[in-house]
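Following: one structure in C-alpha coordinates, then a few remarks.
The values are calculated or read from the model by the stated rules, or taken from the named source; none is laboratory data. Every value quoted in this text rests on a predicted model; they were computed, and no experiment measured them. With ideal geometry, Cβ positions are generated from the backbone for all residues, glycine too; neighbour counts draw on all protein chains shown. When the accessible area is computed, the model is the full protein with side chains, heavy atoms only, and any ligands, DNA or RNA have been set aside. Shrake-Rupley method; radii C 1.70, N 1.55, O 1.52, S 1.80 Å.
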Amino acid sequence: HFPLEVKASTEVVLSFSDSVVTETASGSGYQIEGTSLTITANGQYRIKGNCAEGNIVVEKNLSNVVLFFDNLDLSCSATAPVVIKKGTTAVIQLVGASALADQEDASTEETNADFEGACMKVKSGSSLVFCGTGSLSIDGNAKNGIKGGAEAEISFYEGSYNVTAVNNGIAADGSLLFYGGSFEIE
(Lines give C-alpha, C1' and ligand atoms only; values in the text may rest on other atoms or scores of the structure.)
Protein backbone atom coordinates (compact mmCIF):
# COMPACT_ATOMS: atom_id res chain seq x y z
CA HIS A 1 0.00 0.00 0.00
CA PHE A 2 1.05 3.57 -0.51
CA PRO A 3 1.74 5.90 2.40
CA LEU A 4 -0.64 8.46 0.91
CA GLU A 5 -4.07 8.01 -0.62
CA VAL A 6 -3.78 8.33 -4.39
CA LYS A 7 -6.94 8.34 -6.47
CA ALA A 8 -8.08 9.59 -9.85
CA SER A 9 -8.08 13.36 -9.75
CA THR A 10 -10.89 15.62 -10.86
CA GLU A 11 -8.79 18.62 -9.87
CA VAL A 12 -7.66 21.43 -12.11
CA VAL A 13 -5.36 20.37 -14.97
CA LEU A 14 -2.18 22.47 -15.20
CA SER A 15 -0.71 22.51 -18.71
CA PHE A 16 2.81 23.66 -19.61
CA SER A 17 3.63 25.33 -22.91
CA ASP A 18 6.86 27.05 -23.91
CA SER A 19 5.44 30.41 -22.81
CA VAL A 20 3.05 29.83 -19.90
CA VAL A 21 1.35 27.39 -17.52
CA THR A 22 -2.42 27.40 -18.01
CA GLU A 23 -5.20 26.00 -15.82
CA THR A 24 -8.38 24.35 -17.13
CA ALA A 25 -10.40 26.10 -14.43
CA SER A 26 -9.62 28.47 -11.60
CA GLY A 27 -7.91 26.53 -8.84
CA SER A 28 -6.00 27.01 -5.62
CA GLY A 29 -2.96 25.60 -3.87
CA TYR A 30 -0.46 26.73 -6.49
CA GLN A 31 1.14 29.80 -8.02
CA ILE A 32 2.03 30.32 -11.68
CA GLU A 33 4.75 32.69 -12.79
CA GLY A 34 5.39 32.32 -16.51
CA THR A 35 6.55 28.73 -16.94
CA SER A 36 7.31 28.21 -13.23
CA LEU A 37 4.72 26.30 -11.20
CA THR A 38 4.89 26.34 -7.39
CA ILE A 39 2.69 23.98 -5.36
CA THR A 40 1.85 25.76 -2.09
CA ALA A 41 -0.79 23.51 -0.46
CA ASN A 42 -1.67 19.86 0.03
CA GLY A 43 -3.82 18.37 -2.72
CA GLN A 44 -3.84 16.57 -6.05
CA TYR A 45 -2.50 18.27 -9.16
CA ARG A 46 -2.60 16.91 -12.71
CA ILE A 47 0.28 18.34 -14.75
CA LYS A 48 0.78 17.92 -18.50
CA GLY A 49 2.16 19.65 -21.58
CA ASN A 50 5.55 20.43 -23.11
CA CYS A 51 7.97 23.17 -22.10
CA ALA A 52 11.61 23.78 -23.01
CA GLU A 53 12.22 26.18 -20.08
CA GLY A 54 9.97 25.44 -17.12
CA ASN A 55 10.02 24.02 -13.62
CA ILE A 56 7.90 22.70 -10.77
CA VAL A 57 8.61 23.44 -7.10
CA VAL A 58 6.71 21.82 -4.23
CA GLU A 59 7.01 24.08 -1.19
CA LYS A 60 8.47 22.86 2.11
CA ASN A 61 6.68 21.20 5.02
CA LEU A 62 3.62 19.99 3.10
CA SER A 63 2.24 16.60 4.16
CA ASN A 64 0.11 15.27 1.30
CA VAL A 65 0.86 16.42 -2.25
CA VAL A 66 0.05 14.18 -5.22
CA LEU A 67 1.37 15.18 -8.65
CA PHE A 68 -0.05 13.32 -11.64
CA PHE A 69 2.58 13.56 -14.39
CA ASP A 70 0.28 13.14 -17.40
CA ASN A 71 2.47 12.95 -20.53
CA LEU A 72 4.54 15.86 -19.20
CA ASP A 73 7.70 16.91 -21.07
CA LEU A 74 9.69 19.47 -19.09
CA SER A 75 13.22 20.89 -19.45
CA CYS A 76 15.01 23.64 -17.56
CA SER A 77 18.44 25.27 -17.77
CA ALA A 78 18.08 27.69 -14.81
CA THR A 79 17.46 25.08 -12.10
CA ALA A 80 16.14 21.53 -11.65
CA PRO A 81 12.92 20.84 -13.60
CA VAL A 82 11.37 19.42 -10.38
CA VAL A 83 12.25 20.34 -6.77
CA ILE A 84 10.59 18.89 -3.65
CA LYS A 85 11.52 21.24 -0.81
CA LYS A 86 12.52 20.29 2.75
CA GLY A 87 10.19 18.32 4.99
CA THR A 88 7.50 17.60 2.39
CA THR A 89 5.72 14.31 1.73
CA ALA A 90 4.75 13.90 -1.92
CA VAL A 91 3.67 11.31 -4.48
CA ILE A 92 4.31 11.39 -8.22
CA GLN A 93 1.88 9.18 -10.14
CA LEU A 94 2.93 8.47 -13.72
CA VAL A 95 0.26 8.59 -16.42
CA GLY A 96 1.43 7.92 -19.98
CA ALA A 97 4.98 8.84 -21.00
CA SER A 98 6.66 11.78 -19.23
CA ALA A 99 10.18 13.19 -19.63
CA LEU A 100 12.39 15.55 -17.63
CA ALA A 101 15.67 17.08 -18.80
CA ASP A 102 18.13 19.07 -16.69
CA GLN A 103 19.92 21.54 -18.97
CA GLU A 104 21.81 23.39 -16.21
CA ASP A 105 25.38 24.48 -16.92
CA ALA A 106 27.55 22.35 -14.63
CA SER A 107 30.32 24.97 -14.66
CA THR A 108 28.03 27.35 -12.71
CA GLU A 109 27.48 24.98 -9.76
CA GLU A 110 29.52 27.14 -7.37
CA THR A 111 28.20 30.50 -8.58
CA ASN A 112 24.51 29.91 -9.39
CA ALA A 113 22.34 29.96 -6.25
CA ASP A 114 19.53 28.15 -8.12
CA PHE A 115 21.77 25.30 -9.31
CA GLU A 116 20.41 21.91 -8.19
CA GLY A 117 22.41 19.52 -10.35
CA ALA A 118 19.53 17.12 -10.93
CA CYS A 119 16.41 16.57 -13.00
CA MET A 120 14.59 15.98 -9.76
CA LYS A 121 15.90 17.23 -6.42
CA VAL A 122 14.33 15.92 -3.21
CA LYS A 123 15.53 18.12 -0.37
CA SER A 124 16.55 17.06 3.13
CA GLY A 125 13.88 15.42 5.25
CA SER A 126 11.40 14.99 2.39
CA SER A 127 9.64 11.83 1.27
CA LEU A 128 8.81 11.15 -2.38
CA VAL A 129 6.89 8.11 -3.66
CA PHE A 130 6.76 7.15 -7.34
CA CYS A 131 3.78 5.10 -8.53
CA GLY A 132 1.52 4.69 -11.55
CA THR A 133 1.84 2.48 -14.60
CA GLY A 134 3.32 5.17 -16.88
CA SER A 135 6.94 5.88 -17.75
CA LEU A 136 9.43 8.58 -16.84
CA SER A 137 12.49 9.48 -18.88
CA ILE A 138 15.18 11.41 -16.98
CA ASP A 139 18.07 13.20 -18.69
CA GLY A 140 20.56 14.54 -16.14
CA ASN A 141 22.84 16.52 -18.44
CA ALA A 142 24.37 18.64 -15.66
CA LYS A 143 24.98 16.07 -12.92
CA ASN A 144 22.37 13.69 -11.43
CA GLY A 145 19.07 12.20 -12.53
CA ILE A 146 17.10 11.92 -9.28
CA LYS A 147 18.92 13.13 -6.15
CA GLY A 148 17.74 13.05 -2.54
CA GLY A 149 19.28 15.11 0.24
CA ALA A 150 20.12 14.15 3.82
CA GLU A 151 17.32 12.14 5.47
CA ALA A 152 15.32 12.17 2.24
CA GLU A 153 13.39 9.01 1.41
CA ILE A 154 12.64 8.12 -2.22
CA SER A 155 10.43 5.08 -2.91
CA PHE A 156 9.47 3.36 -6.16
CA TYR A 157 6.36 1.17 -6.26
CA GLU A 158 5.68 0.83 -9.99
CA GLY A 159 6.32 2.48 -13.34
CA SER A 160 9.07 2.38 -15.95
CA TYR A 161 12.16 4.58 -15.59
CA ASN A 162 14.84 5.36 -18.17
CA VAL A 163 17.58 7.47 -16.57
CA THR A 164 20.66 8.94 -18.23
CA ALA A 165 22.99 11.10 -16.13
CA VAL A 166 26.59 12.30 -16.19
CA ASN A 167 26.98 11.48 -12.47
CA ASN A 168 24.43 9.42 -10.49
CA GLY A 169 21.24 8.11 -12.11
CA ILE A 170 19.27 7.72 -8.88
CA ALA A 171 20.87 8.60 -5.53
CA ALA A 172 19.96 9.79 -2.05
CA ASP A 173 21.95 10.82 1.00
CA GLY A 174 19.01 9.37 2.96
CA SER A 175 17.33 6.22 1.62
CA LEU A 176 16.15 4.65 -1.63
CA LEU A 177 13.42 2.01 -1.45
CA PHE A 178 12.50 -0.18 -4.43
CA TYR A 179 9.23 -2.12 -4.13
CA GLY A 180 8.61 -2.39 -7.85
CA GLY A 181 9.09 -0.75 -11.23
CA SER A 182 11.49 -1.33 -14.10
CA PHE A 183 14.71 0.64 -14.51
CA GLU A 184 17.27 1.38 -17.20
CA ILE A 185 20.05 3.60 -15.84
CA GLU A 186 23.07 4.88 -17.72
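Taking G134, G148, G27 in turn, the Gaussian network model of the chain (Cα-Cα springs below 10 Å) assigns the largest fluctuation to G27. Distance from the Cα centroid of segment 138-154 to that of segment 49-127 is 9 Å (rounded to whole angstrom). Among the chymotrypsin sites (Phe, Trp or Tyr not before Pro) in segment 122-186, those placed in a DSSP loop whose Cβ has at most 13 other Cβ atoms within 10 Å are Y179. Quick one: of the DSSP bridges fully inside segment 1-118, what percent are antiparallel, nearest 5? Beta bridges within segment 1-118, antiparallel portion: roughly 20 percent.
Expressed as a fraction of 2.2 N^0.38 Å, the rule-of-thumb size for a compact globular protein of N residues, what is the C-alpha radius of gyration of segment 20-61? Compared with the compact-globule rule of thumb, segment 20-61 sits at 1.11. Net charge in the neighbourhood of S124 (other residues with Cβ under 14 Å of its Cβ; Lys, Arg +1, Asp, Glu -1) is +2. Placing a label point 7 Å from the Cα of E109 along the Cα-to-Cβ direction, the residues of segment 166-186 whose backbone N falls under 16 Å from that point are 166-173.
A crude spin-label estimate for the pair S175 and T133, with each label 7 Å from Cα along the Cβ direction, gives 2.9 nm. Near the amide H of V91, within less than 5 Å, lie the amide hydrogens of V65, V66, L67, V129, all on another chain or at least 5 residues away, with H placed in the peptide plane.
Note that segment 141-186, at 25 °C in a medium of 0.890 mPa s, gets a Stokes-Einstein diffusion coefficient of 225 µm²/s from its Kirkwood radius over C-alpha pairs.
The mean sequence distance of close C-alpha pairs (under 8 Å, at least 6 residues apart), as a share of the length of segment 141-186, puts its relative contact order at 48 percent.
Rolling a 1.4 angstrom probe over the protein heavy atoms with all chains in place gives the chain an accessible area of 44 Å² per residue.
Rg/Rh, computed from the Cα trace of the chain with Rh as the Kirkwood radius, has the value 0.93. Taking label points 7 Å from Cα along the Cα-to-Cβ direction, N64 and E186 give a separation of 4.1 nm. Solvent-accessible area of the chain (1.4 angstrom probe, protein heavy atoms only): carbon and sulfur portion equals 43 percent. In this structure, the amide hydrogen of N141, modeled 1.01 Å from its nitrogen in the peptide plane, lies closer than 5 angstrom to those of D102, counting only residues at least 5 positions away or on a different chain.
Multiplying each eigenvalue of the alpha-carbon gyration tensor of segment 80-186 by 5 and taking the square root yields semi-axes of 21, 16, 11 Å, largest first, rounded to whole angstroms. With each label modelled as a point 7 angstrom along the Cα→C-beta vector, the E23-A41 pair spans 0.9 nm.
Here the contact order of the chain, divided by its residue count and restricted to Cα pairs under 8 Å and six or more residues apart, works out to 14 percent. First check a/c for segment 20-128, with a ≥ b ≥ c the square roots of the eigenvalues of its C-alpha gyration tensor; if it is under 1.5, answer rounded, and if not, answer prolate when a/b is larger than b/c or oblate otherwise. The shape class here is oblate. Over all other residues within a Cβ to Cβ distance under 15 Å of E186, the charged ones net out to -2, with Lys and Arg as +1 and Asp and Glu as -1.
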